[in-house]
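Read through the structure below, which is laid out as structure tokens, and then see the notes.
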Amino acid sequence: MPGKTLKNKPLIEAILEVKWALTSPIAGVQTDPHYKILLGRLYDKVREDYPEHEQLPTASMPDEIAGGMVQHRFRHAVNDWPLLQVGPGIFTLNDTHKYTWPDFRCRAIKAITKLFEAYPKPDTLKVINLLLRYIDAVEFDYMKEDIFLFLKDKMKVIALLPNNLFTDNEIQNIPKHFNWQSTFVCRHPPGTVTVRFATGQKEGKPCLLWETMVQSDGSEVPQMPRDFEQWIVSAHNITDDWFFKIIEGELERRFNGE
């Protein structure tokens, strides 16, 4: 059921990513001629909520190769979250441990509104990609335990290889690394849903990472900024539904501190 909360949520990061079309004044080069003006105007509009400006090393890159790269951050507080990121043709909202859906939803809608208000020529701001992405993690020693069995028993995900691949040879049947991903077409919102499972690290400990992503691309992108709220609510309904269906049972009880 959408709207449920967990005491010990496994969230690593929640990300909203917006990309818009760049221009090509020279063949092979894509730039945003309004970016430098946007940067200053955007900070003026978001500084009440994100007063801490942080310039990233990518900010020194030439415009000709910086398209789609984040260059500046605006944080809620020093070294804290949530934060906004911006670069030529890209804008993101990121949150971690403080995340709640009602707060993230409001921040996302407000951030998109401010982006269009700050853009020098908003009528030319053509969004070409919207992405809502959640990265979660559960502690799991994949070097010692069977990740295929964990996925099957705890997350209802079946990913198996034939047992005879590991007979009559010296190959261990526990993978050193694991990475599985699938993408599916969805109608509401128009776009795709991607789920990914992979081995990784969380706070220096081995874990199983999983990502749930909803993405609209090209003609699938709604009228912006008018229909953005409807898009992000629909996208979140999918990610929320998939998340709780995947963890239903023992993992949900664990994340609830039971």
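Taking a straight line from the alpha carbon of LYS126, these aspartates and glutamates sit under 12 Å away, with near neighbours fewer than eight places off in the same chain left out: ASP32, ASP217.
Where nothing but the Cβ of Lys and Arg (+1) and of Asp and Glu (-1) is charged, how large is the charge dipole of region 11-255 around its Cα centre, in debye to the nearest 20? Each step should come with its number before you reach the end.
Values: 28 positive and 34 negative charges, 88 e Å.
Charge dipole of region 11-255: 420 debye, to the nearest 20.
Across SER216, SER234, SER182, mean-square fluctuation computed from a Gaussian network of the chain (C-alpha pairs under 10 Å connected) peaks at SER182.
Just need the relative contact order of the chain here, percent rounded to a whole number, with Cα pairs under 8 Å and 6+ apart. For the chain, the relative contact order is 22 percent.
A simple count of charges around GLU52, restricted to other residues whose Cβ falls under 10 Å of its Cβ and scoring Lys, Arg +1 and Asp, Glu -1, yields +1. Taking 21 Å as the cut-off for C-alpha to C-alpha distance, list the pairs among LYS154/LYS202; LYS36/LYS98; LYS98/LYS245; LYS156/LYS205 that go past it. Result: LYS36/LYS98; LYS98/LYS245; LYS156/LYS205 exceed 21 Å. The region of the chain that goes longest without hitting one of the trypsin sites (Lys or Arg not before Pro) in a DSSP loop, each with at most 13 other Cβ atoms within 10 Å, is 48-97. All other residues whose Cβ lies under 10 angstrom from that of GLU258 are scored, Lys and Arg at +1 and Asp and Glu at -1, for a net of +1. Using only the Cα atoms of region 1-123, build the gyration tensor, take square roots of its eigenvalues as a ≥ b ≥ c, and label the shape rounded, prolate or oblate: rounded if a/c is under 1.5, else prolate if a/b is larger than b/c, else oblate. Cα axes put region 1-123 in the prolate bin. Between LYS126 and LYS156, full extension at 0.36 nm per residue minus the direct alpha carbon distance yields a gain of 6.8 nm. What does a probe at PHE116 reach in region 202-241, counting residues whose amide N is under 11 Å from the point 7 Å along Cα→Cβ? Answer for this model: 222-230. Around the amide H of GLY191, modelled in the peptide plane, lie the amide H atoms of CYS186, all under 5 Å away and 5 or more residues distant in sequence or on another chain.
Computed from the coordinates by the stated procedures, all read-outs in this text should not be read as laboratory data. What you are looking at is a predicted structure, and each value in this text was computed from that prediction instead of being measured. A quick note on method: Cβ atoms are made from the backbone with ideal geometry, for glycine too, and the neighbour counts reach across all protein chains shown.
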